[in-house]
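Since the structure comes first, as structure tokens, the remarks are kept for the end.
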Amino acid sequence: MQCPMPKIDFDIITLAHGSGGLLTNKLLEYGVFDLLKNEELDKHHDGATLELNGKIAFSTDSFVISPVFFPGGDIGELAINGTVNDIAMCGAIPQYLSLSFILEEGLSMQEFWNILVSIKFAAEKSGVKIVTGDTKVVDKGKGDKIFINTTGIGKMHPKANISLQNIKAGDQIIVSDQIATHGIAILSVRQGLEFETTIESDTRNLNDMTLKLLDEFGDKIKLFRDPTRGGVAATLNEIARDANLGIELLESKIPVDVQVKAACEILGLDPLYTANEGVFMAIVAPEIADNVVSILHQFEEAQYASIIGEVVGEHNGQVLINNAMGGKRVVHMPIGEQLPRIC
């Protein structure tokens with residue numbers, strides 16, 4: 001990603017950049033507006049007027065990750081991908097985002113520019129437009145470099161019927177790629193852990209994959225979910241509880257990178273409870289499960305897609321996992337936060 005920073009007559013963010021005066025205008029004009037320009041953002045209005053027809057999906061999220069730069073990405077890319085993916089999980093096609101910053105006094109302009117560049121490329125890759133936003137500056141020590149809020153809107157896919165009410169016993173559970181990578185990438189930076197190769201965050205947009213699946217299978221795709229905070233365990237427990245059905249997993253089928261698995265063992269973490277940012281789960285009708293996996297394997301980001309379990313009519317509200325020795329254990333809802341501030 002190459003976007004040279006323009007010549008700006010200040011090196012760090014100051015409180016004056018949040019005052020609404022000349023420095024605010026310079027910050028936005030030479031940074032945000034020039035870099036992210038499109039016909040809606042160019043109006044420089046506090047809101048945007050958009051053309052939307054029919055049913056839409058709407059989601060908002062805030063990003064406070066620490067550190068803001070990590071192996072495989074940064075807070076800017078994460079913010080765009082996170083909200084794009086939340087819209088995609090609804091069965092919608094992401095179209096427009098708002099983008100708001102809370103900047104800490106003392107943040108370097110170079111760091112802010114690098115984050116903006118990541119935002120630009122993530123938005124372009126996802127096919128979304130940033131159409132409005134806001135910027136505030138807080139005193140040094142009252143933030144952590146930068147917090148970002150994004151809100152997304154997208155139109156529903158015409159074939160989508162994503163709902164917990166559609167799930168029934170026999171439906172298959174598919175994960176799109178290896179799990180737990182994002183959480184371990186963040187923890188490795190915080191703790192100064194070193195591995196033979198770099199474990200990088202899996203942050204990415206997922207809407208290309210969900211769009212393809214909906215095009216092919218329509219309402220036979222019962223549910224999409226992205227297992228971010230709390231990981232696969234939290235997400236599946238929520239589904240089992242809300243659908244009042246049981247879930248059974250096959251431990252041997254759950255894809256985990258060898259280094260990530262080793263790191264989890266060293267740190268006493270369970271990959272099922274560790275955060276993801278570029279992985280989604282789909283619950284699908286049994287007759288299409290193998291074809292769904294085959295289609296996902298066509299994407300570079302889903303080479304490890306796998307059927308990891310199924311929905312069952314027993315032990316309603318619980319998630320069980322079958323291990324290689326033939327035993328079973330309950331996968332409980334996580335208590336507390338294993339890895340704080342991972343998104």
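Out of the strands (runs of 3 or more DSSP E) lying entirely within region 122-178, which hold 1 or more residues that are out of contact with any helix residue (DSSP H, G or I) (no Cβ under 7 Å at 6 or more places or on another chain) and over 26 Å from residue 306 (Cα atoms)?
Ranges flagged: 129-138, 146-156.
I need a count of the residues in region 87-111 that are assigned to a helix (DSSP H, G or I) and crowded, with 24+ Cβ neighbours inside 10 Å.
Qualifying residue count, region 87-111: 2.
Restricting attention to region 3-19, and to residues there that are exposed (fewer than 11 other Cβ atoms within 10 Å of the Cβ) and within 32 Å of the chain's Cα centre (by Cα), which single residue is nearest to residue 120 (Cα to Cα)?
Per the stated criteria, the residue is 4.
Each value in this text was obtained by applying a stated rule to the coordinates, not by laboratory testing. Everything numeric here is computed off the predicted structure, so don't read it as measured data. Virtual Cβ from ideal backbone geometry, glycine too; neighbours counted across all protein chains shown.
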